[in-house]
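Asks: Attaching a single structure in structure tokens format; questions to follow.
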Amino acid sequence: MFKKKKGRAGAEIPSSSLADIAFLLLVFFLVVTTIDVDTGIGLVLPPPPDESEPPPPIRERNLLKVLVNSQGLILINERPAAVTEVRERVANFVDNANRANDENLSVSPQAAIVSIKTDRQTPYEIYIRMLDEVRGAYKELRDAESMRRFGVNYDRYRASLASPSDDEVRRIYPMNVSIAEPDPGSN
Amino acid sequence: MSKFQKKNAKAKQEVPTTAMPDIVFMLLIFFMVTTVLREVTLQVRVELTRAENIEKIEQKRLVSYLYIGPQVLGGNVYGDTKVQIDDALIDEMSFIRRIMYDKLLEQPKLIVSLRVDRESEMGIVTDVQQELRQAGTLQINYSTRRLQ
């Protein structure tokens, strides 16, 4: 029985076209794949308000209130400000302990909270530009701190970490950006 | 001259091609794994804004998209600003809560990426955010392009 089988020649599946088939599939997936990653501004929303529990008390000086009104004008602590000013103002406010030591600015970077409020008619683009500036301020501070302590910028420092929870720079400058509760009656 | 002739005289100067299917298959498997086939057809116009200090979302599997923009009515005509999730327009804001809650149960680390048209107003975005808070999907991302 076995002898007979051995004797028969050329009982293989022809595999010369295998490469062609694989190439065809490869080209299909190459064309279909979109490599571009999604980029954007990440944010964590506050959990829904709990009526039975009042919000935790926050000292007035630790809160930087940024309002973008319906005309797209930016008000920081009720005073108008330009978009280009936001970065400087936020950086000063957050890093107060190492800079001006102003009575009206935050006690420490950990305690600082940037509260953002918008109207219904606020243009989305201006809101994003403002948010971008706030993030820019934090990036500056983190880069400076990372340079001072580890000699590399923040992105490189973070890439070198084994786990994100080891991030000491982030512990010093946590980004406390909070979206304020919208006014109930506004439409 | 004679040197070259000597070299030419030797037979079998081909690149071995037996390993080629293996290599091709490897590439093929890589692309099959990375491909995300399902792409939605947009029914709203989404022209993203640009920003400077943005981050990448590496885990594409965690992301669920939510589109906000003026409804495309054909040609260059645009209607009211609408919200689209997957392939459907959302008629009522409270639906978002249910849809997102279901998605959160499937993927507890869900990130909702808001792809908002640049000419939108914050009113609808705030409404959506309120719904997302109720649903418990607190991780969001404002999708933006890198500033040129």
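Just so it is clear, none of the values below were taken in a lab; they were calculated from the coordinates. Since the model is a prediction, treat every value here as computed from it, not as a measurement. Ideal geometry is used to build each Cβ from the backbone, glycine not excepted, and the neighbour counts take in all protein chains shown.
Asks: Sticking to Cα atoms, compute the Rg of chain B to one decimal and its Dmax as the biggest Cα-Cα distance, whole number, in Å.
Replies: 25.2, 87
Asks: In a GNM of chain A with a 10 Å cut-off on Cα contacts, which of A:GLY72, A:GLY40, A:GLY151 has the highest mean-square fluctuation?
Replies: Checking each option, the largest mean-square fluctuation is seen for A:GLY40.
Asks: Modelled label-to-label distance, B:GLU14 and A:ARG79, 7 Å Cα→beta-carbon offset: nm?
Replies: Computed distance between label sites B:GLU14 and A:ARG79 equals 8.2 nm.
Asks: In addition: As a check on your grasp of the helix formula, calculate [θ] at 222 nm for chain B: sum -39500 (n - 2.57) over DSSP H runs of n ≥ 4, divide by the residue count, round to the nearest 500.
Replies: Helix-only estimate at 222 nm: -11000 deg cm²/dmol.
Asks: Here's another thing I want to ask about it. Got a sec? Charge dipole of segment A:60-179, +1 on Cβ for Lys and Arg, -1 for Asp and Glu; which of A:PHE93, A:GLY151, A:ILE116 is way out at the positive end?
Replies: A:GLY151
Asks: Here's another thing I want to ask about it. With each label point set 7 Å from Cα along the Cα-Cβ vector, what nm distance links B:GLU119 and B:VAL40?
Replies: Once both label points are built, they end up 2.1 nm from each other.
Asks: Would you grab the residues whose amide H sits under 5 Å from the one on A:THR122? Only those 5+ places off in sequence or on another chain, please, with H modelled 1.01 Å from N.
Replies: Those lying under 5 Å, H to H, from A:THR122 are B:MET122, B:GLY123.
Asks: For the pair B:ARG146 and B:VAL72, what calculated FRET efficiency results from E = 1/(1 + (r/R0)^6), where r is the Cβ-Cβ distance and R0 = 25 Å, to the nearest 0.05?
Replies: After rounding, the FRET efficiency stands at 0.45.
Asks: DSSP loop (so not H, G, I, E, B), at most 11 other Cβ within 10 Å: list which trypsin sites (Lys or Arg not before Pro) in segment A:29-136 pass both filters.
Replies: Here the sparse-neighbourhood loop sites are A:ARG59.
Asks: What does the average come to when, for each residue of peptide A:130-140, you count the partner chain Cβ atoms lying within 10 Å of its Cβ?
Replies: Whole-number average of other-chain Cβ neighbours for A:130-140 is 3.
Asks: Can you give the % of DSSP beta bridges in segment A:30-187 that are antiparallel, to the nearest 5?
Replies: The answer is about 40 percent antiparallel.
Asks: With chain A treated as a Gaussian network of Cα nodes joined by springs under 10 Å, which of A:VAL68, A:VAL90, A:VAL31 yields the largest mean-square fluctuation?
Replies: Residue with maximal mean-square fluctuation among A:VAL68, A:VAL90, A:VAL31: A:VAL31.
Asks: Now a separate question. Along the charge dipole of the protein assembly as shown, Cβ charges K/R +1 and D/E -1, which of A:ILE41, A:SER16, A:SER178 sits furthest on the positive end?
Replies: Among A:ILE41, A:SER16, A:SER178, the one farthest towards the positive end of the dipole of the protein assembly as shown is A:SER16.
Asks: While we're here: What ratio of Cα Rg to 2.2 N^0.38 Å holds for segment A:42-125?
Replies: Relative to the 2.2 N^0.38 Å estimate, segment A:42-125 comes out at 1.20.
Asks: Let me ask something additional. For a quick check: with amide H placed at 1.01 Å from N, whose amide H comes under 5 Å from B:VAL63's, ignoring anything fewer than 5 positions away on the same chain?
Replies: B:ILE111
Asks: Need the full-extension length gain, A:PHE28 to A:GLU88, defined as separation in residues times 0.36 nm minus the C-alpha distance. One decimal, nm.
Replies: The span from A:PHE28 to A:GLU88 would gain 16.6 nm if fully extended.
Asks: What spacing in nm lies between the two simple spin-label points modelled at A:SER16 and B:ASP22, each 7 Å away from Cα in the Cβ direction?
Replies: It is 2.2 nm.
Asks: Using 0.36 nm times the number of residues separating A:VAL152 and A:SER165, minus their current alpha carbon distance, what extension gain do you get?
Replies: 2.8 nm
Asks: So what are the ³J(HN,Hα) numbers for segment A:50-66, from phi and the Karplus equation (6.51, -1.76, 1.60; θ = phi - 60°), rounded to whole Hz, Gly and Pro as x?
Replies: Those phi angles translate into 9, 5, 6, 10, x, x, x, x, 10, 5, 3, 6, 8, 10, 9, 8, 10 Hz.
Asks: Positive end of the dipole of segment B:35-148, charges at C-beta (+1 Lys, Arg; -1 Asp, Glu), about the Cα centre: which of B:ILE54, B:VAL125, B:GLY136 has its Cα farthest in that direction?
Replies: B:ILE54
Asks: What average count of beta carbons from other chains do you get within 10 Å of the Cβ of residues in B:108-117?
Replies: Per residue, the average neighbour count from other chains is 2.
Asks: If Lys and Arg each add +1 and Asp and Glu each add -1, what is the summed charge of the other residues whose beta carbon sits under 9 Å from the beta carbon of A:LYS65?
Replies: Every neighbour counted, the sum reads 0.
Asks: Additional query: Compute a Gaussian network model of chain B, connecting alpha carbons closer than 10 Å, and tell me which residue from B:ILE23, B:ILE99, B:ILE68 fluctuates the most.
Replies: Between B:ILE23, B:ILE99, B:ILE68, it is B:ILE23 that shows the largest mean-square fluctuation.
Asks: Looking at the protein assembly as shown, what % of the alpha carbon pairs are farther apart than 24 Å?
Replies: Value for the protein assembly as shown: 67 percent of Cα pairs lie more than 24 Å apart.
Asks: Taking every DSSP beta bridge with both residues inside the protein assembly as shown, roughly what % is antiparallel (nearest 5)?
Replies: 55 percent
Asks: With the Cα gyration tensor of chain A in hand, give its eigenvalues times 5 under a square root as the equivalent ellipsoid semi-axes, listed largest first in whole angstrom.
Replies: Those come to 56, 23, 18 Å.
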